[in-house]
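Participant: I have a structure I would like to understand better, so I am pasting it below and will then ask my questions one at a time.
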Amino acid sequence: MSPDYQPFLQSRKRGWCPAEMARPPLLDATISAGPIQPRYALLINPFYPKDPIASFGKHVLTPTLALISFAATTPEHWEVQYWDENLLDGRPPFAPMPEVVGITVHLTFANRAFELADWYRSRGSKVVLGGLHVMSCPTECAPHADALAVGDGVQLWPRILADAEAGCLRTNYTATYESDYRQDPVPRRSILPRKSFLTTTSLIATRGCHNRCAFCYVATEGLRMPYRMRDPGQIAAEFEADRQPYAVFVDNNLGSNRAYLRELCQALRPLNKIWSAAVSIDVTDDPNLIRIMALAGCTGVFVGFESLTDENLADARKKTPKASDYARRVRMLHENGIQVNGSFVLGFDHDRKDVFTRTANWIEENRLECATFHILTPYPATPLFRQMETEGRLLHRDWVLYDTAHAVFRPKNMSPEELEQGYAWMYQHLFSHVSIWRRRPVDWLAVAPYLVGSYLYKRSNRFWRLLIKHHLVHAAWRPLVELTRIRHVRFRKELAASETQKSPGAAVVAAGV
Ligand code: B12
Ligand code: SF4
């Protein structure tokens, strides 16, 4: 095992975690270089360790679009294969050896990406690294790559392959995020292993965000990502073409431009399908838009509340309503049958040791169906990172631990250990029988599907591992998802007929990623 995974494993004593969820498959050094297959490109989503106290299900809810978005620009005379190491299928393919290997790099799996890159390069493949970590730390990535792709892969990939083919690959390729987003091709979903995801329909309608929170990758130095939108009709057509009942929007914030979201909902409504998306809570400024979202099939939203303390939100430069108004806004979503998966960041400068119980109580009082917790993490090249670095508060630069499940900086009002313990307590508490029960929907008819969803999603990691290992994720969930869709279509008819709706239809799928 690579020593890079040791600190991670040592710190993971908090739940059941089989080896294959904690460490990647071995890259056998004794495998010798086979013949290179010309015009064959392999795209790899590297392994990252899973947090055993959170749900393993989250990782196979829907695929990342990082690779399949630009795979769509591969010229026809090239063969392209997709490999996601998190699907537990062992080491990535090597016979025949690809001519080009494209790897997406995030900071938490940068070490694994480098291991893979070194392994393929030493056997003759040309390795191209791209993704968020290449953008924020290019000099760290460069020694492991034949070429770095900084920025939008959709623009870069065809250039890279053309140069590889002509034998003149350059070491650096850069592109902005400012092209006309409507010109992008449809992501190439045909290369995804359909059986391995709850739904293969990850959709992305917009890029960017109207906020620029100091801790978010959107605020990375030098990154210009204006809010760009695809045509609503393009998105509806993609959803229809993938033949799945349920889609997950992976947009940073689908609610950044409300006029656009309204148009998108109009395009989605006739499909009679269901979807979830990340939105910021200010989307509830317009109650009519919430109703329109529900009528268009929105069953859940992933909301970055981040904190219940206004001073923390101000420090993070998040433009958001007052935390005291969050409860009313959550009620509005619930009244329209939209489940709320709240995302909370722990360890801000105004957080004291009571933040854990206070946040957990609020989640229960407001019956959030699901909640996701993140320890505040300064991503390199963000304003938060600079601040922590200047204040001498960073504990280390061991990126594998920058996974929002570890304290990597010195918090103001508690110790790093207390922060990690509080974070672990929050998951254990919110996934407990008693808390799941306290958060049941008000409407009794919605309680059974809520309980099924909660128990399968939150308390079944052994089951998830089996499903993933045996490619049964899709087969096991499809009937439940279809049932949710049918219930939701019925609910929408009632909602359309009534002025306001007070008896929401519950979903068994968790909202958002
Ligand atoms: C889907 C998703 C997931 C999925 C799948 C993740 C996976 N890697 O398989 C799930 C739910 C499992 C997940 C989990 C987590 N995620 Co996540 N996730 C996303 C999300 C919402 C969408 C990703 C996506 O499809 N983007 C759209 C694609 C098209 O954009 P892109 O990735 O930037 O790719 C483009 C370019 O970068 C470039 N490119 C990328 N790779 C390559 C490679 C080559 C060769 C080339 C040429 C180009 C290229 O071309 C692409 C087209 O322009 C993003 C937010 C977002 N909207 O991006 C967060 C995000 C990536 N996740 C994040 C985090 C923190 C996590 C977690 C650590 C959170 C947690 N504690 O649970 C976990 C753990 C996963 C991990 N260790 O990486 C952060 C990462 C921050 C950072 N600086 O690294 C993000 C940015 C969210 C945020 N706003 O903070 N996630
Ligand atoms: S609202 Fe969300 S996506 Fe937008 S900058 Fe803030 S954290 Fe990032």
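The values are calculated or read from the model by the stated rules, or taken from the named source; none is laboratory data. Note that this is a predicted model, so its numbers are computed, not measured. Positions of Cβ are generated from backbone atoms using ideal geometry, with glycine treated the same way; all protein chains shown enter the neighbour counts. For the accessible areas, the whole protein counts, side chains as well, though only heavy atoms, and no ligand, DNA or RNA atoms are used. Shrake-Rupley method; radii C 1.70, N 1.55, O 1.52, S 1.80 Å.
Participant: If I filter the stretch 48-72 down to residues being more than 13 Å from the chain's Cα centre (by Cα) and closer than 17 Å to V101 by Cβ, which single residue comes out as most open to solvent (accessible area, probe 1.4 Å)?
Facilitator: F70
Participant: Search the stretch 234-258 for residues that are without any contact (Cβ under 8 Å) to a residue 12 or more places away in the chain and farther than 21 Å from L480 by Cα and pair each with any residue that is in a strand (DSSP E or B) and more than 16 Å from ligand 1 (Cβ to nearest atom) when their beta-carbon atoms are under 8 Å apart and the residues are at least 6 apart or on different chains.
Facilitator: Final answer for the pair search is none.
Participant: If only one of A323, A316 is within 16 Å of ligand 1 (Cβ to nearest atom), of a type outside the set (D, E, K, R), in contact with a Phe, Trp or Tyr (Cβ under 9 Å, 6 or more places away or on another chain) and under 23 Å from G255 (Cβ atoms), which one is it? Before you say what the answer is, go through the steps one by one.
Facilitator: On the way: A323 fails: within 16 Å of ligand 1 (Cβ to nearest atom).
The conditions single out A316.
Participant: OK, next. Output the qualifying pairs, or none if there are none: Cβ atoms under 9 angstrom, residues six or more apart or on different chains, first residue in the stretch 113-135 and under 15 Å from A33 (Cβ atoms) and in contact (Cβ under 8 Å) with a residue 40 or more places away in the chain, second residue surrounded by fewer than 19 Cβ atoms within 10 Å (Cβ to Cβ) and among the β-branched types (V, I, T).
Facilitator: Within 9 Å, the pairs are W119/I31; R123/I31; R123/I36; G124/I36; S125/I36.
Participant: Could you list all residues from the stretch 224-267 that are of a type in the set (D, E), more than 14 Å from ligand 1 (Cβ to nearest atom) and either under 22 Å from A496 (Cα atoms) or under 20 Å from the mean Cα position of the chain (by Cα) (or both)? Even if it seems obvious, please write down each step before you answer.
Facilitator: Going through the stretch 224-267, the residues of a type in the set (D, E) turn out to be 231, 238, 240, 242, 251, 263.
Then keep just the ones that are more than 14 Å from ligand 1 (Cβ to nearest atom); that gives 231, 240, 242, 263.
Selection gives D242, E263.
Participant: Of all residues in the stretch 168-179, count the ones that are open to solvent by 50 Å² or more (accessible area, probe 1.4 Å) and free of Cβ contacts under 8 Å to residues at least 40 places away in the same chain. Give the steps one after another, and end with the answer.
Facilitator: Here is the first cut: in the stretch 168-179, the ones open to solvent by 50 Å² or more (accessible area, probe 1.4 Å) are 168, 170-172, 174, 176, 178.
Within this subset, residues satisfying the condition of being free of Cβ contacts under 8 Å to residues at least 40 places away in the same chain are 168, 170-172, 174.
Of the residues in the stretch 168-179, 5 are open to solvent by 50 Å² or more (accessible area, probe 1.4 Å) and free of Cβ contacts under 8 Å to residues at least 40 places away in the same chain.
Participant: Can V154 be described as under 27 Å from the mean Cα position of the chain (by Cα) and either under 15 Å from T64 (Cβ atoms) or within 16 Å of ligand 2 (Cβ to nearest atom) (or both)? Can you show your working first?
Facilitator: Numbers: under 27 Å from the mean Cα position of the chain (by Cα): yes; either under 15 Å from T64 (Cβ atoms) or within 16 Å of ligand 2 (Cβ to nearest atom) (or both): yes.
So V154 fits the description; yes.
Participant: Could you list, in sequence order, all residues of the stretch 85-125 that are within 13 Å of I44 (Cα to Cα), touching a Phe, Trp or Tyr at 6+ places or on another chain (Cβ under 7 Å) and not in a loop (DSSP other than H, G, I, E, B)?
Facilitator: Listed by number, the residues that qualify are E85, N86, P98, V101, F109, A110, R112.
Participant: If I ask for residues that are crowded, with 21+ Cβ neighbours inside 10 Å and either more than 23 Å from G124 (Cα to Cα) or among the polar types (S, T, N, Q) (or both), which ones from the stretch 34-47 would you list? Step through it out loud before you land on a result.
Facilitator: First, the residues of the stretch 34-47 that are crowded, with 21+ Cβ neighbours inside 10 Å: 41-47.
Residue satisfying the conditions is N45 alone.
Participant: Please go through the stretch 433-454 and give me each residue that is within 21 Å of F491 (Cα to Cα) and assigned to a helix (DSSP H, G or I), ordered by number.
Facilitator: The answer is W444, L445, A446, V447, A448, P449, Y450, L451, V452, G453, S454.
Participant: Within the stretch 177-236, can you find the residues that are among the hydrophobic types (A, V, I, L, M, F, W, C) and out of contact with any strand residue (DSSP E or B) (no Cβ under 8 Å at 6 or more places or on another chain)? Spell out how you get there, then give the answer.
Facilitator: From the stretch 177-236, those among the hydrophobic types (A, V, I, L, M, F, W, C) are 186, 191-192, 197-198, 203-205, 209, 213-216, 218-219, 223, 225, 229, 235-236; that's our starting set.
Scanning the stretch 177-236 gives V186, F197, C209, A214, C216, V218, A219, L223, A236.
Participant: For residues that are more than 16 Å from ligand 1 (Cβ to nearest atom) and either charged (D, E, K, R) or open to solvent by 30 Å² or more (accessible area, probe 1.4 Å) (or both), tally how many sit in the stretch 388-417. Lay out the reasoning, then the answer.
Facilitator: From the stretch 388-417, those more than 16 Å from ligand 1 (Cβ to nearest atom) are 390-393, 395-396, 410-417; that's our starting set.
Okay, now just the ones that are also either charged (D, E, K, R) or open to solvent by 30 Å² or more (accessible area, probe 1.4 Å) (or both), so 390-393, 395-396, 410, 412-413, 415, 417.
Of the residues in that region, 11 qualify.
Participant: A further question on this structure: If a residue has to be buried (at least 16 other Cβ atoms within 10 Å of the Cβ), of a type in the set (A, V, I, L, M, F, W, C) and part of a loop (DSSP other than H, G, I, E, B) to count, how many in the stretch 10-33 make the cut?
Facilitator: Total satisfying the criteria: 2.
Participant: Which residue, of R212, R228, R207, is within 16 Å of ligand 2 (Cβ to nearest atom), at pLDDT below 95 and farther than 24 Å from F56 by Cα?
Facilitator: So the residue among R212, R228, R207 that is within 16 Å of ligand 2 (Cβ to nearest atom), at pLDDT below 95 and farther than 24 Å from F56 by Cα is R212.
Participant: If Y120 satisfies every condition in (1) open to solvent by 20 Å² or more (accessible area, probe 1.4 Å); (2) closer than 30 Å to L26 by Cβ; (3) more than 12 Å from ligand 1 (Cβ to nearest atom) but one, which is the exception?
Facilitator: For Y120, the exception is condition (1).
Participant: Could I ask something else about it? Anything in the stretch 55-88 that is within 14 Å of ligand 1 (Cβ to nearest atom), out of contact with any strand residue (DSSP E or B) (no Cβ under 7 Å at 6 or more places or on another chain) and over 22 Å from V250 (Cα atoms)? List them, or say none.
Facilitator: Scanning the stretch 55-88 gives a single hit, L88.
Participant: Which residues, taken from the stretch 309-322, are within 15 Å of ligand 2 (Cβ to nearest atom) and free of Cβ contacts under 8 Å to residues at least 40 places away in the same chain?
Facilitator: Of all residues in the stretch 309-322, those within 15 Å of ligand 2 (Cβ to nearest atom) come to 312-321.
Across the stretch 309-322, the qualifying residues are N312, L313, A314.
Participant: Do any residues in the stretch 365-381 that are closer than 15 Å to W437 by Cβ have Cβ atoms under 6 Å from those of residues that are of a type in the set (S, T, N, Q), where the two are at least six apart or on different chains, and which pairs are they?
Facilitator: E369/Q339; C370/N341
Participant: Go through C168, C141 for me and flag whichever is more than 10 Å from ligand 1 (Cβ to nearest atom), outside any loop (DSSP other than H, G, I, E, B) and modelled with pLDDT of 95 or more.
Facilitator: Details: C168 fails: outside any loop (DSSP other than H, G, I, E, B).
Among C168, C141, only C141 is more than 10 Å from ligand 1 (Cβ to nearest atom), outside any loop (DSSP other than H, G, I, E, B) and modelled with pLDDT of 95 or more.
Participant: What pairs can you find where one residue is in the stretch 269-287 and closer than 18 Å to V489 by Cα, the other is of a type in the set (S, T, N, Q), and their Cβ atoms are less than 7 Å apart, with a gap of 6+ or different chains?
Facilitator: I274/T299; I274/T484; S276/T299
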